[in-house]
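Worksheet: the structure to be examined is printed underneath.
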Amino acid sequence: MNDEKRTGQELYNRAKELIPGGTQLLSKRPEMFLPDRWPSYYTRANGCEVTDLDGNTYKDFSIMGVGACILGYADPDVTEAVVRVVQDGNMSTLNAPEEVELAELLLELHPWAEKVRYARSGGEAMAIAVRLARAASGKDLVLFSGYHGWSDWYLAANISDDAALDGHLLSGLEPAGVPRALKETAIPFPFNDDEAFRALMDRYGDRVGAVVLEPIRNDPPKDSFRALIHETVRRRGIPLVVDEITAGFRLNVGGAHLVVGWQPDIAVFAKGMSNGHPMAAVIGTSATMDLAQSSFISSTYWTDRTGPTAALTTIRKMREIDAPHHLEQIGRMVQEGWVAAGAEHGLSVHAGGMYPLSHFDVDGESPLAIRTAFTQAMLDRGYLANRSLYVSLAHTEELVREYLGACDAVFAELAPYINEGRIGAYLKGKPIHSGFQRLN
Ligand SMILES: Cc1ncc(COP(=O)(O)O)c(C=O)c1O
């Protein structure tokens, strides 16, 4: 790569003067990858290749648009379908027929569900789901586990206790601007912790109007945890909302709840379903979904035609080629490769996550500096890489072998610094930021 020109970084510095936070998504902030040195902006993305503003092309072995592109960037079939509806008019006074076709497909994949609504991003689809669940139960309090977006209903959890969201994927999320009146309307519980859930139900049971969780994050649900939650929500008539925004369409073509055994009243899909084109869907039983008629849930761009078209094409293609099988195979190969490459050079590398969403850590002092050093060394070798890999169809076995070769060389280079506790000396800049703090 051209290490002298930093056009992307210069643009990012300007962006921070104009756009608070620099970007619209916490996970895309350059400070999360390689402060002051990250390419930051792209001109072209195709397969798993990304070209920056200085003409450098990298292989993306990191978060792949934060998991939005299971088929790889700019998938030709999805692009062709979307371009066609753009040319034919993606907006009109009349509605897009693809909405109905997609509803049929989603209900075919999820036979328990009876109705569908659409939005265009995960956070807003979750807000719809929580509104419907509260409407169905007639109660306000949401017990949740995991990350569910930026909405008031979710950040309300941090009003009562600043640390409440720690451990729920993103800690340190500030609830400034969220009405204080929402205090104690959303309370988190740790995934797979039967006791914690039971204790919350003992304390708040009569007030609970929704239970919201991700079907699986790192580990699948324990049988006892799933049974406890199912028994509790059924007995008390509490809607169960499963957030498939990250997990969906990776273990199977559809919701991961079908694989790991949740029986929700509502399930929510977004970024896995439409290969990078904005789309989100809320599916559920008629008893919950029909309340969309009694609560005002409506938005102009939820009627755009590219979203359902992209989703239809993406889902059909994922089904045709059994994309989840590829994601699992590649994820397994990478997790095993990380650990083996580490061992080769005397590093203790721990890999984890469900295979399509793999990640690793290296034992040693200054974990953030170690992660930064990995990204720095991989960037020098032509990779966008960090501790996470969102596997896509574009990650072929051949590319993975090359990538693991690069990891091996990088671990060899970093090992003396890590083992001697002086990784800071390897870095050309500052270490990455770990959370929401210090990002401006
Ligand atoms: C489980 C889960 N829920 C909700 C969201 C929010 O979705 P979006 O970023 O599309 O608003 C995300 C995004 O990462 C997610 O992983």
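Placing a pseudo-label 7 Å from each Cα along the Cα-to-Cβ vector at LEU399 and VAL100 gives an inter-label distance of 3.9 nm.
The residues neighbouring ARG234, those whose beta-carbon lies less than 13 Å from its own, together hold a net charge of +1 under the Lys/Arg +1, Asp/Glu -1 convention. Measuring against 32 Å, Cα to Cα, the residue pairs LYS317/LYS430; LYS28/LYS428; LYS16/LYS222; LYS139/LYS271 contain LYS317/LYS430; LYS16/LYS222 as the ones spanning a longer distance. In terms of its Cα atoms, region 76-321 spans 55, 38, 33 Å along the principal axes, sorted from long to short. The angle between the Cα long axis of helix 194-204 and the main principal axis of the chain comes to about 40°, on a 0 to 90 degree scale. By the count of other C-beta atoms within 10 Å, a proxy for reagent exposure, ILE128, ILE266 are ordered fewest to most as ILE128, ILE266. Axis angle, to the nearest 10 degrees, between helix 306-321 and the longest C-alpha principal axis of the chain: 70 degrees.
When DSSP beta bridges are restricted to pairs lying wholly in the chain, around 60% turn out antiparallel. The alpha-carbon positions of the chain define a convex hull whose volume is 149 Å³ per residue.
Output the Kirkwood hydrodynamic radius of region 1-122, Cα pairs only, in Å rounded to one decimal.
Working: mean 1/r = 0.0568 Å⁻¹.
After inverting the mean inverse Cα-Cα distance, the result is 17.6 Å.
Remark on TYR118: its backbone amide H falls under 5 Å from those of VAL282, a criterion applied only to residues 5 or more positions apart or on other chains, H modelled at 1.01 Å from N.
Using helices alone, what [θ] at 222 nm do you get for the chain, with -39,500 (n - 2.57) per DSSP H run of 4 or more residues, divided over all residues and rounded to the nearest 500?
Working: 15 runs with 173 residues, N = 440.
Taking each H run of at least 4 residues, the total per residue is -12000 deg cm²/dmol.
In debye, nearest 20, what is the charge dipole magnitude of the chain about its Cα centre with +1 on Lys and Arg Cβ and -1 on Asp and Glu Cβ, if you could check? Before the final figure, lay out the partial values.
On the way: 42 positive and 57 negative charges, 182 e Å.
Taking the Cα centre of the chain as origin, the dipole is about 880 debye.
What the Cβ-Cβ distance of VAL66 and LEU107 gives, at R0 = 35 Å and to the nearest 0.05, is a FRET efficiency of 0.80.
Averaging Cα coordinates gives a centre for region 25-86 and one for region 241-296; these two points are 25 Å apart. If you find the alpha carbon centre of region 370-418 and of region 312-356, how far apart are they in angstrom? When both Cα centres are located, 14 Å separates them. Note that region 84-171, at 37 °C in a medium of 0.692 mPa s, gets a Stokes-Einstein diffusion coefficient of 206 µm²/s from its Kirkwood radius over C-alpha pairs.
Every number in this text was worked out from the coordinates using simple rules, so none of it is lab data. Note that the structure is predicted; figures quoted are calculated from it, not measured. Reconstructed Cβ throughout: ideal geometry from the backbone, glycine too, with neighbour counts over all protein chains shown.
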